[in-house]
Amino acid sequence: MKASDQNERTNPQLNCTRSAGLSAILQEHSRKTGEPVSHIVSRALAEYFQVSHSTLYQVSTATALVEGIYQGAVRVRTLREHGDLGLGTFENLDGEMMIVDEHFFQARSDGSVKEVEDDVLCPFAVVTRFAPDSAVVLQKCPDLAHLVGQFDQLRHSNNFFFALRVDGHFSYVRTRAMCRTQEGVPLVQATAVQPEFEFNDISGTLVGFWTPEYARTFNVPGYHLHFLSEDHQSGGHLLECAGSELRLQIQREGDYHVALPETDDFVKADLRRDPAADLAKAEGAKK
């Protein structure tokens, strides 16, 4: 299927007559910001009808995780109110969170995956209601670098947050899952030993986000993706992948909402340190 066909199915087109003056304003704003006219119109319609427009909802911050703040701040039921796609972790870093089609899954360090109940606690999570702006089919994907390169072509700016989803058949996937960790242990130390898992010939979904560099104290800068197999038996934080006929979808986030924990450890923590180096070391593949 052609990319244009995918886009039409995902995003119905709106044809309307605009005055010359309004068209000029739209085009000028688009030129200055780099934002497509379609995105400007969609946001204006959402504001007019007072409906939520691509809001990214996040619990806690990346800096808090780096400093070892793993105490559960919100329950899954609260996250569920804010979206149907996302990722995160669980209290005491007990595995990886994958949110796919409103279902919340936990991939643990023993390789098991299960759907979690509403009362489970989370110290960090990012979730959104996913209504993609565009979609394309990637015929061949030799590695993760190629995949994110395709998403780079779909992003129109380095200054917005983007939600991402990939569906299809993977010839190879490598993931890892965090081990349950004692409160207060720095993230770099907690991630020094992470069980990794390799899967071959597997269908599934990648979910995640792209975060601007300027927001590195709040979220993991760049691409952050988690994997869930189609049979919900395998998953985790994505380290590498390869596949074919992969359907890539992307959504630009219009709003960014951060809910700060009211837990004792967050209130008392020193969060002034730049977490960038520690995040890169903790989130990347181990050598």
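Some notes on this structure:
- Scanning the range 156-190 for residues that are under 23 Å from PRO132 (Cβ atoms), aromatic (Phe, Trp, Tyr) and in a strand (DSSP E or B) gives PHE162, PHE170.
- Count of residues meeting criterion [surrounded by fewer than 21 Cβ atoms within 10 Å (Cβ to Cβ), assigned to a loop (DSSP other than H, G, I, E, B) and touching a residue at least 40 places away in the same chain (Cβ under 8 Å)] in the range 85-108: 1
- Among the residues of the range 244-287, the ones that are within 17 Å of HIS224 (Cβ to Cβ) and of a type in the set (A, V, I, L, M, F, W, C) come to 9 in all.
- The strands (runs of 3 or more DSSP E) located wholly in the range 219-284 that include 2 or more residues which are among the hydroxyl-bearing types (Ser, Thr, Tyr) occupy 222-229.
- Checking GLU240 against (1) within 24 Å of LEU138 (Cα to Cα); (2) buried (at least 17 other Cβ atoms within 10 Å of the Cβ), the condition it does not meet: (2)
- Evaluation of HIS82 against (1) outside any loop (DSSP other than H, G, I, E, B); (2) surrounded by 20 or more Cβ atoms within 10 Å (Cβ to Cβ); (3) not hydrophobic (A, V, I, L, M, F, W, C) (one fails), failing number: (1)
- Some residue of the range 156-170 being of a type outside the set (Lys, Arg), farther than 24 Å from ALA64 by Cβ, at pLDDT below 95 and exposed (fewer than 15 other Cβ atoms within 10 Å of the Cβ): yes
- Candidate set from the range 265-287 (those that are surrounded by 10 or more Cβ atoms within 10 Å (Cβ to Cβ), charged (D, E, K, R) and modelled with pLDDT of 85 or more); member that is farthest from THR217 (Cα to Cα): ASP265
- Selected residue (criterion: nearest to ASP110 (Cα to Cα)) from residues of the range 145-155 that are open to solvent by 40 Å² or more (accessible area, probe 1.4 Å) and aliphatic (A, V, I, L, M): ALA145
- Residue count, the range 180-194 (criterion: open to solvent by less than 40 Å² (accessible area, probe 1.4 Å) and either free of Cβ contacts under 8 Å to residues at least 12 places away in the same chain or not aliphatic (A, V, I, L, M) (or both)): 3
The values are calculated or read from the model by the stated rules, or taken from the named source; none is laboratory data. Predicted model, so just to flag it, every value in this text is computed and none were measured. Positions of Cβ are backbone-derived with ideal geometry, glycine not excepted, and every protein chain shown enters the neighbour counts. The accessibility values were calculated without ligands, DNA or RNA, using every heavy atom of the protein model including side chains. Shrake-Rupley method; radii C 1.70, N 1.55, O 1.52, S 1.80 Å.
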